[in-house]
Amino acid sequence: VFDTTPHDYTSYDNAYKNSMKTINKNLEKTRFGVMIDVHRDAYADLNYAPTTKINGKSTAQLMLVIGVGYESLENKYWKENLSLALQIVKKGEEMYPGLFRHILVRDSRYNQHIADASCIIEVGATANTLEQAIGSMKYLAEVISEVMK
């Protein structure tokens, strides 16, 4: 399922509440193998564009974000989600060195409490071009395909 519903339109504060509705609607139709929430890193420096060269082309770097939850918003799957993120980054470094930045672990849950194989993937940042972002998706798909075998 590839759902392009905008969840932060009119209010960024309600984005995860809105996306939860979309996730639940999609879960009624199918069970996910992996649940990926794709973002652009809204980095404060408007000139920041993390890139790497793959096959001679400038490609947006990717960063995985894992929410471990906190007392009032638990995420019972955070260890499984972190394990998946580590596998993706490890395989990515084997296949396409430099494609991934660090893994960011935060005390939130980002709807990752729904599935034991979920993460956010930040595609580049504020100043990356659309071409760089789209270019990295091909490599990400190949990496995830290898991890899920």
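Kindly list the number of the only condition in (1) in contact (Cβ under 8 Å) with a residue 12 or more places away in the chain; (2) part of a helix (DSSP H, G or I); (3) open to solvent by 40 Å² or more (accessible area, probe 1.4 Å); (4) under 24 Å from Ser136 (Cβ atoms) that fails for Leu104.
(2)
Mind listing whichever residues of segment 1-40 are closer than 26 Å to Val143 by Cα, in contact with a Ser or Thr (Cβ under 9 Å, 6 or more places away or on another chain), at pLDDT below 85 and not aromatic (Phe, Trp, Tyr)?
Val1, Asp3, Thr5
If you scan segment 113-127, which residues turn out to be open to solvent by 10 Å² or more (accessible area, probe 1.4 Å), out of contact with any Ser or Thr (no Cβ under 7 Å at 6 or more places or on another chain) and under 22 Å from Tyr43 (Cα atoms)?
The answer is Glu122, Thr126, Ala127.
Among the residues of segment 1-32, what is the count of those that are more than 18 Å from Ala115 (Cβ to Cβ) and open to solvent by 100 Å² or more (accessible area, probe 1.4 Å)?
Count: 5.
Looking only at segment 46-61, which residues are in contact with a Ser or Thr (Cβ under 7 Å, 6 or more places away or on another chain) and not in a strand (DSSP E or B)?
Leu46, Tyr48, Gln61 - these are the residues of segment 46-61 that are in contact with a Ser or Thr (Cβ under 7 Å, 6 or more places away or on another chain) and not in a strand (DSSP E or B).
Pick out the one residue from Tyr96, Tyr110 that is surrounded by 18 or more Cβ atoms within 10 Å (Cβ to Cβ), modelled with pLDDT under 95, touching a helix residue (DSSP H, G or I) at 6+ places or on another chain (Cβ under 8 Å) and of a type in the set (Phe, Trp, Tyr).
Result: Tyr110 is the single residue among Tyr96, Tyr110 that is surrounded by 18 or more Cβ atoms within 10 Å (Cβ to Cβ), modelled with pLDDT under 95, touching a helix residue (DSSP H, G or I) at 6+ places or on another chain (Cβ under 8 Å) and of a type in the set (Phe, Trp, Tyr).
Go through (1) open to solvent by 60 Å² or more (accessible area, probe 1.4 Å); (2) modelled with pLDDT of 85 or more for Tyr77 and report which single condition fails.
All conditions pass for Tyr77, except number (1).
The values are calculated or read from the model by the stated rules, or taken from the named source; none is laboratory data. Keep in mind that this is a model prediction, so the values were computed, not measured. Cβ atoms come from the backbone with ideal geometry, glycine included; neighbour counts cover every protein chain shown. Quick note on the areas: whole protein, heavy atoms, side chains included, nothing else; ligands and nucleic acids left out. Shrake-Rupley method; radii C 1.70, N 1.55, O 1.52, S 1.80 Å.
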